[in-house]
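Student: Okay, here's the structure, questions in a sec.
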Amino acid sequence: MNKLNIASVSQGKIQVDLLDNSEGLTVKFVGDIDMEDPSVILDPFFEKVHQGMVAHKIPFVVADFHGLTFLNSSGIKAVAKWIMKLAMLPPDQKYVIRIAHNKAITWQVTSLPTLTFLVPGAVKIE
Amino acid sequence: MAKPDGYIEIRFGPRWKYISPARVFIQNFIAIALSDQAKADAIAMATSELLENAVKYGASEDTHCIVQAYPDTGVIQASVTNQATEKSAGEVRALYDKIMAGDPLEAYITQMREAATRTDGKSQLGLVRIRYETGADIQLDITPTHKVTITIIVK
């Protein structure tokens, strides 16, 4: 279990884990997000991560998409919803989401950089 | 446009479980037809988004997808047709008019921000995503009986 004690979630072809890393935390996506309503599992998971990041004053979290082979627009909506939570935080509670992506997967190259425009300074692409 | 070198047509009852295999099939078809993996990935994503909309908002069993490849020019044309209700056809028209206006990236970002605050379960990101990420020419045709066809042309 990770330092926030947040359990992994999975449904169909997707598994999402929260892992400790040397500097903070990593949200690791493996599989496909192509179900009709991914918000059912992603929204509560992201909310827990968000609350934990703020409560423990963790400065960054890596969103690791290397193992995610497909993300539909409903999944993009769920990720965008998480990112938009950062817009509501006071400066002393803000953290940064670092997106790690796989340049060999076409949609990751075209989709993921657009997330950096949602909330200035909240998301960085690695 | 010249006669296509590759052509596939898929018809299925609107069930979510058929979208993923259709996407993979289309991806493989285009990769073989054009020897262009990036374009195959982009078209597969786009048709998957269109099929998701057709399944979510379709009012009958018949969803119809045609993909045509023109290897000489590298052009791909894909269309998805489904029967809609008058209300959902009107919503598609309104969304199309909205997302086709202005810069593709700005429209995408605006739509993502709006999606994040929606509480009706919809994302309404599929078309704007296709427009920005594939650079496709997107055409919308709605018949008087509310049959909706969305065609994308990627060069």
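Student: Would you point out which residue out of A:LYS28, A:LYS81, A:LYS77 is within 13 Å of A:ILE97 (Cβ to Cβ) and either among the polar types (S, T, N, Q) or surrounded by 17 or more Cβ atoms within 10 Å (Cβ to Cβ) (or both)?
Tutor: Going through A:LYS28, A:LYS81, A:LYS77 in turn, just one is within 13 Å of A:ILE97 (Cβ to Cβ) and either among the polar types (S, T, N, Q) or surrounded by 17 or more Cβ atoms within 10 Å (Cβ to Cβ) (or both): A:LYS81.
Student: To continue, here is another question. Report, by residue number, each residue of the range B:5-55 that is among the hydrophobic types (A, V, I, L, M, F, W, C) and closer than 20 Å to A:VAL109 by Cβ.
Tutor: Hits for the range B:5-55 are B:VAL24, B:ILE26, B:ILE30, B:ALA31, B:LEU34, B:ALA38, B:ALA40, B:ALA42, B:ILE43, B:ALA44, B:MET45, B:ALA46.
Student: Looking at A:ALA122, A:ALA87, which one is farther than 21 Å from A:GLN11 by Cβ, surrounded by fewer than 17 Cβ atoms within 10 Å (Cβ to Cβ), of a type outside the set (Val, Ile, Thr) and in contact with a Leu (Cβ under 9 Å, 6 or more places away or on another chain)?
Tutor: When all the criteria are applied, what remains is A:ALA87.
Student: Sticking with this structure for a sec: Would the range B:130-143 turn up any residue that is under 25 Å from A:PHE46 (Cβ atoms), in contact with a Leu (Cβ under 7 Å, 6 or more places away or on another chain) and not charged (D, E, K, R)?
Tutor: For the range B:130-143, residues under 25 Å from A:PHE46 (Cβ atoms), in contact with a Leu (Cβ under 7 Å, 6 or more places away or on another chain) and not charged (D, E, K, R): present.
Student: Still on this structure, I have one more. If you go through the range A:51-88, how many residues are within 16 Å of B:THR117 (Cα to Cα), among the aliphatic types (A, V, I, L, M) and touching a residue at least 12 places away in the same chain (Cβ under 8 Å)?
Tutor: 8
Student: Across the range B:112-134, what is the number of residues that are closer than 18 Å to A:LYS85 by Cβ and more than 7 Å from every other protein chain (Cβ to nearest Cβ)?
Tutor: The qualifying residues number 4.
Student: Being within 19 Å of B:ALA136 (Cα to Cα), away from chain A (no Cβ under 14 Å), part of a helix (DSSP H, G or I) and in contact (Cβ under 8 Å) with a residue 12 or more places away in the chain: is that true of B:ALA40 here?
Tutor: no
Student: Does B:TYR96 satisfy being within 16 Å of B:ARG129 (Cβ to Cβ) and away from chain A (no Cβ under 12 Å)?
Tutor: Yes.
Student: Answer yes or no: is there a residue in the range B:131-144 that is surrounded by 18 or more Cβ atoms within 10 Å (Cβ to Cβ), touching a residue at least 24 places away in the same chain (Cβ under 8 Å) and not in a helix (DSSP H, G or I).
Tutor: yes
Student: Here is a follow-up. Across the range A:12-27, what is the total count of residues that are farther than 14 Å from A:PHE70 by Cα and at pLDDT 95 or above?
Tutor: Adding up the residues that qualify gives 7.
The values are calculated or read from the model by the stated rules, or taken from the named source; none is laboratory data. Keep in mind that this is a model prediction, so the values were computed, not measured. Here the Cβ is made from the backbone with ideal geometry for all residues, glycine too, and neighbour counts use every protein chain on show.
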